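Asker: My structure is below; once you've seen it, I'll send some questions.
The values are calculated or read from the model by the stated rules, or taken from the named source; none is laboratory data. The structure displayed is predicted, hence computed values, not measured ones. Here the Cβ positions follow ideal geometry from the backbone for every residue, glycine too, while neighbour counts run over all protein chains shown.
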Amino acid sequence: MNKLANLLGIRFPIIQGGMGNISNAELAAAVSEAGGLGTIGSGTMDPDEVEAIIMETKSRTGQPFCVNVPLGVSPYSKEILALVLKHGVPVVSLSAGNPAPYIPKLRGEGVKVLSVIASVKHAIKAEEAGTDAVVAEGYEAAGINSPFETTTMALIPQVAGAVDIPVVGAGGIADGRGLAAALALGASGAQMGTRFIAVKEAPFHAIYKHLVTNAEDTSTVIVGRGVGRIRRLLDTPYARKLIVEERNGISLKEFMDMTAENYHKLGAIEGNLENGFLNAGQIAGLISDIPSTAELFERMVEEAKIALESATLKLF
């Protein structure tokens, strides 16, 4: 059995990426019910909001699911982790900060810990701290990104060669070929975010789904380089507004204010593209339909098998 799936108690080695404040129980439960690991991204939500989503997710599925805590972003990290233990959430992913102080307590309570990293150095440190697996995320990914700007294809094999725990590839994966590539590079599975915007169970605005399914390979932009806060977005009026503000010398505080989670919700939930942004990875150009999550997984597994078999034939 795949060691990541075995570790997490899931059928397919596919994890939903944390989606911050647009996270919801409907999609997280659908991913878990379909055999992957659904994820609730806590973002900057307060504990009451997160607890409500956890409880609804538990009412929708009896399968394992995860809570993502962006340590350097959430003002409620400790409170969210306390909720994880209170409600018996089986898996936690820690990102945007040092996971080491939190791992012993979580693992001591039987929680599986995933650490999201963007460098070999951080992967080794996470393993030394006792994390169960690392998510190696390249800068093709949607949303907040690492300043290293290492691509997924370069990152996965280097991390896989440096640690003994399972590695999850993330960034630029949306189909079975991407899953096969991650496995071939040494990962035990894949994490996806953008692909889950365009599934039937995702309760996001129709405009968001339309833009993702009609995207091209050049439909995303990077903002925040000038202030050291890289974020990948769909190319929309608000994203272009951010680019103009950067050229005009926006401060870090002003940039952080303009990319706060409420602006993400304006775009993703309300479809307001003049006043809100849409996270999306470079792989959006590959997405063209809106299947159910179960249909997506079955298709991905078949595509991965064909891709791996085809690669073997081409090699020999």
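Asker: Quick test of your reading of the structure: Gly43 fulfils all but one of (1) under 15 Å from Gly193 (Cα atoms); (2) not in a loop (DSSP other than H, G, I, E, B). Name the failing condition by number.
Answerer: For Gly43, the failing item is (2).
Asker: Residues of region 67-81 being surrounded by fewer than 21 Cβ atoms within 10 Å (Cβ to Cβ) and either among the aliphatic types (A, V, I, L, M) or in a loop (DSSP other than H, G, I, E, B) (or both), which ones?
Answerer: Leu71, Gly72, Val73, Pro75, Tyr76 - these are the residues of region 67-81 that are surrounded by fewer than 21 Cβ atoms within 10 Å (Cβ to Cβ) and either among the aliphatic types (A, V, I, L, M) or in a loop (DSSP other than H, G, I, E, B) (or both).
Asker: So which of Val221, Val301, Val244 ends up being without any contact (Cβ under 8 Å) to a residue 12 or more places away in the chain and either crowded, with 16+ Cβ neighbours inside 10 Å or in a helix (DSSP H, G or I) (or both)?
Answerer: Val244
Asker: Quick check on my filter: what residues within region 155-192 are more than 19 Å from Leu308 (Cα to Cα) and more than 13 Å from the chain's Cα centre (by Cα)?
Answerer: Leu155, Gln158, Val159, Gly161, Ala162, Val163, Asp164, Ile165, Pro166 - these are the residues of region 155-192 that are more than 19 Å from Leu308 (Cα to Cα) and more than 13 Å from the chain's Cα centre (by Cα).
Asker: Now a separate question. Residues that are aliphatic (A, V, I, L, M), more than 25 Å from Ile230 (Cβ to Cβ) and out of contact with any helix residue (DSSP H, G or I) (no Cβ under 9 Å at 6 or more places or on another chain): does region 17-26 have at least one?
Answerer: No, that holds for no residue.
Asker: So, one more: Which residue, of Val244, Val212, Val227, Val223, is hydrophobic (A, V, I, L, M, F, W, C), under 20 Å from the mean Cα position of the chain (by Cα) and either farther than 22 Å from Gln191 by Cβ or assigned by TED's automatic domain parsing to the domain that holds Val73 (or both)?
Answerer: Criteria check complete, one pass: Val223.
Asker: Take the residues in region 50-64 that are out of contact with any Phe, Trp or Tyr (no Cβ under 7 Å at 6 or more places or on another chain) and within 13 Å of Ser23 (Cα to Cα), then tell me which one is surrounded by the fewest Cβ atoms within 10 Å (Cβ to Cβ).
Answerer: Ala52
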